[in-house]
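Since every read-out is calculated from the coordinates, none of them should be taken as a lab result. These numbers come from a predicted model, not from an experiment. Cβ placement follows ideal geometry from the backbone for every residue including glycine, while neighbour counts extend to all protein chains displayed.
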Amino acid sequence: MKSPLRILHLEDDPYDATLVQAALEAEGIACAITRVQKREAFVAALEHGDIDLILSDYSLPTFDGLSAVGIARARRPDLPVILVSGTLGEELAIDSLKRGATDYVLKTRLSRLVPAVRRAMLEVGERAERQQAEQTVRSERNFLEVSLNSLPGIFFLFDQAGKFLRWNLNFEHVSGRTAAELAGLGPLDFFTGDEKDYIAKKVGEAFTSGSVNAEAYFTARDGTRTPYYFTGQKIEVEGRPCLIGTGIDVSERKKLEGQFIEAQKMEVIGHLASGVAHDFNNILAVIMGYSSLIAVDLLPDDPLRKHAEEILHAADRAVGLTRQLLVFSRRQTIQPIVLDLGEAVLGMDKMLRRLIDENIAMTIVPGTEHGRIKADAGYIGQVLMNLVVNARDAMPNGGRLAIATSNITLDENYARNHPGATPGEHVILSVSDTGTGMSDAVKAHIFEAFFTTKAAGKGTGLGLATCQTIVQQCSGHIAVESEPGKGTTFKVYFPQVEQALDVVAGASQTGPLPRGTETLLVVEDDSAVRHLARGILEAQGYAVLSASNGRDALHVAREHKGAPIRLVVTDVIMPLMGGKVMAEWLKVTYPDLKILFTSGYTDDAISKHGVLEPGVAFLSKPYTPATLAHKVRAMLDDESETISLLKQGVTAG
């Protein structure tokens, strides 16, 4: 009990007040008493609030004890009120207790006052402790509730009969169920098929062993299935065994695992493609080279010419497939040039028409003016071929295919709403078809490697993934618009550049191949490719020497007594001595010698030899006779123009 005890005493008789104080002090109760006589003073003292106990006379001239009890209960319900009166009968005493008085004591029996005070104050203390305990329980319960509802996953508690006893709000949100619905469901109601049996088995294990972990697809009311990782622990609740646990959405982890597996798969494919690319490209070079030579020597109406052209088409497809694998695994040699996209697309018209069926009407509409872009011309062709093949496959019963190019400006708002896009001037390539179209679910995956909606054996799942990779390497952006039954439009945005157009070797390769009489040296370790290249160049009038590796080439050059060697066509990677080292030795003796490097190896392999540096002439395998002839002539003519200009300068001087 507090000391001193702060008492508000409602008493009009000073003598009685003194007797009450004396009775309390006689029993060792130190007290500080505030005596009031009227209602106003009583209310004011209550509002002041510095009171532990109220003692009140029953009858006062202008006030009474029962009214005081009512006011005290209304304003300070926690304060004990003891009536101390000389006129209180049994009925009035009972009535006062009913109205909220804590106790009553007759003035003629003040010996009961101290026990009544001690009892009242003990009840106050017990009540305060009880209220504090209740507040603690409420705080703990609120903390637990907030904690459970703050969990990133779902929380559950159910008994051995499968009745849910507790769950968090996230459980309701994820399941799509109300609290009332969850109360009538069990843990197995959120799983289907074999997974329901699996979870039932795991729950049984938990009640036997004490804990369990499980991973399964949680099924919501709307049928959505989400992968969850569950943990459970057996506990006792009110004497009965229960299982308490959590479930975490592992969708993101599953996605990352899938991406990691795809990355490993692409790494393996990249290594495989890189390993076979050299030999395969050499083989394709021979197939394409001799097929081209055969086709050139045959009359247009000769049946054998068509056969040769079909071989060339098959070889082109093989080149495209190899390129796709190498592009996507980022091992393909990149040779970006400044080009006109509209002209590049028009130049592919004939080839694209060979890819589509006769029941598809294709139109190419280049814009009147085009900005220039910087990209690998072969890559641009690969993107366009992939999009055209996809459009063809989407129109099995025929339709319309429209290809267009134009300038466009992308603003900041577009860039913000389209990841990967950048604001500024662009050239757009659009490919539109009237085919089957795609759903949003399909569009969400079309750029993923190996994703395909085509029948088994009809697609590799690399086409659009390759397109996206190529476009990203060009700092561009690709977008798709499509609806089921309404066709599809792909839009490819390439940033414009200000540089002048590059001269593309072989850009115009129709008609007779360019000829010459200069002396050339072909260095190639693959005998079939070496014989092919030598035959192509000799057929155009050149005097051609040959060697199987760099060391042999140095010997051939030293022993050569005729007209000076003007240009060397050399493989990059060869036994004994590679093309780069050989070229450096030859340049010491012949500083004006032109070097054309060729290789069927991948970008990362030949870049180590330094032949992909700016200003170095390079021709990737497989190449056609026309490509080789035009490239050689262009390099020789560039040298001739330089010599001519120098002579003119000397003459003028």
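Here the extension length gained between Asp638 and Trp585 equals 16.8 nm, from 0.36 nm per residue of separation less the Cα-Cα distance.
Set the Förster radius R0 to 51 Å, insert the Cβ-Cβ distance between Ala44 and Gln160 as r into 1/(1 + (r/R0)^6), and round the FRET efficiency to 0.05. Please report the intermediate quantities before stating the final value.
Working: r = 62 Å, r/R0 = 1.23.
Computed FRET efficiency for Ala44 and Gln160 comes out at 0.25.
Along the axis of the charge dipole computed for the chain (Cβ charges of +1 for Lys and Arg, -1 for Asp and Glu, origin at the Cα centre), the listed residues Ala465, Pro187, Val480 are led at the positive end by Ala465. Using the empirical formula 2.2 N^0.38 Å as the baseline, the Cα radius of gyration of region 88-185 reaches a ratio of 2.01.
Backbone amide hydrogens, once placed in the peptide plane, bring Ala32 within less than 5 Å of Leu5, Arg6, Ile7, excluding anything fewer than 5 places away on its chain. Rg/Rh, computed from the Cα trace of region 538-586 with Rh as the Kirkwood radius, has the value 0.96. To the nearest ten degrees, helix 625-652 and the longest principal axis of the Cα atoms of the chain are 70 degrees apart. Computed about the Cα centre, the dipole magnitude for region 151-249 is approximately 120 debye when only Lys and Arg (+1) and Asp and Glu (-1) carry charge, each at its Cβ. Against the chain, whose longest principal axis is taken from its Cα atoms, helix 193-209 shows a tilt of about 50°.
What the Cα atoms of the chain give is an Rg and a Dmax of 47.2, 150 Å. Taking the inverse of the average 1/r across all pairs of different Cα atoms in region 20-149, what Kirkwood radius in Å do you get? One over the average 1/r among Cα pairs gives 16.3 Å for region 20-149. Shown for Lys234, Lys306, Lys98: other C-beta atoms within 10 Å of each C-beta, ranked fewest to most, produce the order Lys98, Lys306, Lys234. Work out the charge dipole of the chain with +1 on the Cβ of Lys and Arg and -1 on the Cβ of Asp and Glu about the Cα centre, then indicate which of Met574, Val616, Ser56 is farthest towards its positive end. About the Cα centre, the residue reaching furthest to the positive side is Met574.
Counted residue by residue at 0.36 nm each, then reduced by the alpha carbon distance between them, the extension gain from Glu25 to Ser139 reaches 37.0 nm. Cross-link pairs exceeding 22 Å between alpha carbons, from the set Lys2/Lys107; Lys201/Lys234; Lys255/Lys443; Lys306/Lys621: Lys2/Lys107; Lys306/Lys621. Distance between the pseudo-spin-label points of Arg76 and Leu122 (7 Å out from Cα toward the beta carbon): 2.3 nm.
Calculate the FRET efficiency for Ile337 and Asn397 from the Cβ-Cβ distance with a Förster distance of 45 Å, rounded to the nearest 0.05.
The value I calculate is 0.70.
Calculated FRET efficiency, Glu181 to Ser111, Cβ-Cβ distance, R0 = 56 Å: about 0.30 to the nearest 0.05. Straightening the chain between Leu304 and Lys255 buys 12.4 nm, computed as 0.36 nm per residue apart minus the Cα-Cα spacing.
A simple spin-label model places pseudo-atoms 7 Å from Cα toward Cβ; at Ser475 and Ile364 they are separated by 2.7 nm.
With +1 on the Cβ of every Lys and Arg and -1 on the Cβ of every Asp and Glu, and nothing else charged, how large is the dipole of the chain about its Cα centre, in debye rounded to the nearest 20? Kindly include the intermediate steps, with their values, before the conclusion.
On the way: 67 positive and 82 negative charges, 143 e Å.
Dipole magnitude for the chain comes out near 680 debye.
The sum of -39500 (n - 2.57) across all DSSP H runs of n ≥ 4, divided by the residue count of the chain, sets its helix-only mean residue ellipticity at 222 nm to -15000 deg cm²/dmol. This model, with +1 at the C-beta of Lys and Arg and -1 at the C-beta of Asp and Glu, gives region 334-504 a dipole about its Cα centre of some 480 debye. Between the residues Tyr414, Val43, Gly28, the greatest Cα displacement towards the positive end of the dipole of the chain, with unit charges on the Cβ of Lys, Arg, Asp and Glu, is found for Tyr414. Neighbour counting of Cβ atoms within 10 Å sorts the residues Asp12, Asp411, Asp103, fewest neighbours leading, into Asp411, Asp12, Asp103.
What is the angle, in °, between the Cα long axis of helix 39-48 and the longest principal axis of the Cα atoms in the chain? Nearest 10 is fine, range 0 to 90. Relative to the chain, helix 39-48 is tipped by roughly 40 degrees.
Among residues other than Glu425 with Cβ under 14 Å from its Cβ, the summed charge is -2 (Lys and Arg +1, Asp and Glu -1).
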